[in-house]
Structures are given as structure tokens and as C-alpha cells.
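The values are calculated or read from the model by the stated rules, or taken from the named source; none is laboratory data. Computed from a prediction, not measured in an experiment: that's the story for all the values here. Cβ: placed from backbone, ideal geometry, glycine included. Neighbour counts: every protein chain shown.
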Ligand code: SAM
């Protein structure tokens, strides 16, 4: 079966699981997830599952990628999006099609370098990447209309809240290894935030510092 047909099957499954945003589904249908995975595992690329990408990290499950993207964009398009935890770059690529500019931070340099090559391969030139501890955000590029975090801190980093534009939203898993909650936090004023708790999730931890 061609990867286009397997992607269509994946999209049908996501639709059945409740993903309703057609723009998100279309980008998932058009994005070759197999190029974000080592060749030995690429036959599993269109399973709705997380897969290892080395360094004890994973490419996120397509359902979670779709759900978090849908949550970020529910109230309309985002111009400037910050992603914390580039990983393979799959989520980055999805965001790059749906937002005007994407800024993505990764603490493990070899992962970041591979992800950068994949952005070039897909001709996604609206992505800027940086090797840094994403818990501190990217102050020089703030404010952001959307921030998506794909690793879980124990509590919401203040720096990320401070870098949200008024009206901007942060989608973030929060909690330790015992259990995490997916939250969406909206900045509604200088010091005012509204938080929704959406579902339980399982992410790798957000870790401080960087790895060369
Ligand atoms: N969305 C990614 C994908 O689909 O490939 C998956 C991301 S993976 C679940 C989480 C990533 O967050 C890992 O690559 C990990 O190295 C990164 N990470 C963890 N803590 C970080 C931090 N403080 N700053 C930046 N990246 C971090």
C-alpha cells in the first residue's frame, strides 16, 4: 500500500476518534511521517502510536499531534507559534503548514539537526530552530499567538506564560511520571490567564539544560 493510502487510513481513524478540524486532517494526510522515523521503523510510520527516535525520546502519537494542533488553532489561525521539544520535527512540520512562522526549541542537538534537515527536505522555510532549554522559551521572538509544549514539566513554566501574546494560548502537558494532564491556558490580560484541563496524557519529561 502506498504511504498516501496508509495516511488516508490514518486520517479516517483520527476522524473516528473525534478529530474534526479539516485543515489539521488535511495536513496530516499530506505529511510523510515516515521521513521523521529511522528506516528500520518506517514501516510503522502510519500506525497511531508513538515510536522511538533515539536519545530515549519519541515521535508523538498522531492522535496527540492532531489533538494538540486542533486545540491550539480552535479559536482561529496562529501567526507566530513557539514549539518546545522539536523531537523528530513531525509536529513542527504540521505547525509550519498551519501557522505563518514557527519557532522550535530542542535541548538535544543531534535531534535538532536531523529535524532541520527534514524541514529543508519538505521546503518548510518558515521554521526557525534553536538548540536550547525550551522551558525558558525564546524571549527575543516573543510574543507568540500559540505555544505548544511536547514534553511535560511538573508545573507550567512562568517564562512561557510571560511570552504569550494577549489572546494567545499555550497547550501543555503538566505533571510527573505518576500522571499528566493536558492543559490549554489562554492569556486574557496582562496578568490574567484562563486554564482548561482537557485529558490525561503521557509525555516524556521536560528536562532542564542542553545536550550537545
Ligand atoms: N513532537 C515531537 C515529535 O513529534 O517528534 C515529539 C517530541 S518528544 C515527545 C519531546 C521532545 O522534547 C524531545 O525531543 C526532548 O528532547 C525535548 N525536550 C525535553 N525537555 C526539553 C527542554 N527543556 N527544552 C527543549 N526540548 C526539550
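Determine if the range 90-109 includes at least one residue that is in contact (Cβ under 8 Å) with a residue 60 or more places away in the chain and away from the ligand (no atom under 12 Å from the Cβ).
yes
How many residues, within the range 110-163, are in a helix (DSSP H, G or I), closer than 25 Å to residue 175 by Cβ and more than 9 Å from the ligand (Cβ to nearest atom)?
Counting residues in the range 110-163 that are in a helix (DSSP H, G or I), closer than 25 Å to residue 175 by Cβ and more than 9 Å from the ligand (Cβ to nearest atom) gives 5.
What helices (runs of 4 or more DSSP H), lying completely within the range 1-78, carry at least 3 residues that are free of Cβ contacts under 8 Å to residues at least 40 places away in the same chain and surrounded by fewer than 18 Cβ atoms within 10 Å (Cβ to Cβ)?
3-16, 22-30
Table: residues versus (1) touching a residue at least 60 places away in the same chain (Cβ under 8 Å); (2) touching a strand residue (DSSP E or B) at 6+ places or on another chain (Cβ under 9 Å).
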position	(1), (2)
158	no, no
161	no, yes
181	no, yes
195	no, yes
198	yes, yes
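Residue check: is residue 134 on the phi > 0 side of the Ramachandran plot and touching a residue at least 12 places away in the same chain (Cβ under 8 Å)?
Numbers: on the phi > 0 side of the Ramachandran plot: no; touching a residue at least 12 places away in the same chain (Cβ under 8 Å): yes.
When the stated conditions are applied, residue 134 does not pass them.
Hey, does the range 173-196 have a residue that's more than 13 Å from the ligand (Cβ to nearest atom), under 19 Å from residue 61 (Cα atoms) and outside any strand (DSSP E or B)?
yes
With respect to residue 47, is the statement that it is at pLDDT below 95, over 20 Å from residue 141 (Cα atoms) and in contact with a helix residue (DSSP H, G or I) (Cβ under 9 Å, 6 or more places away or on another chain) true?
Taking the combined requirement at face value, the residue satisfies it.
Determine, yes or no, whether residue 116 is crowded, with 20+ Cβ neighbours inside 10 Å and either touching a helix residue (DSSP H, G or I) at 6+ places or on another chain (Cβ under 6 Å) or on the phi < 0 side of the Ramachandran plot (or both).
Against the criterion (crowded, with 20+ Cβ neighbours inside 10 Å and either touching a helix residue (DSSP H, G or I) at 6+ places or on another chain (Cβ under 6 Å) or on the phi < 0 side of the Ramachandran plot (or both)), residue 116 does not qualify.
Within the range 16-29, is even one residue within 15 Å of the ligand (Cβ to nearest atom) and closer than 20 Å to residue 151 by Cβ?
Looking for residues that are within 15 Å of the ligand (Cβ to nearest atom) and closer than 20 Å to residue 151 by Cβ, one finds none in the range 16-29, hence no.
Out of the residues in the range 90-109 meeting the condition of being buried (at least 19 other Cβ atoms within 10 Å of the Cβ) and in a helix (DSSP H, G or I), tell me which one is nearest to the chain's Cα centre (by Cα).
Looking only at the range 90-109, we keep the residues that are buried (at least 19 other Cβ atoms within 10 Å of the Cβ), and these are 90-96, 98-99, 102-108.
Those still in the list that are in a helix (DSSP H, G or I) too: 90-96, 98.
Details: 90: 8, 91: 4, 92: 6, 93: 9, 94: 8, 95: 7, 96: 11, 98: 12 Å.
In this case the residue turns out to be 91.
Tell me which residues, restricted to the range 79-89, are buried (at least 24 other Cβ atoms within 10 Å of the Cβ) and away from the ligand (no atom under 12 Å from the Cβ).
81
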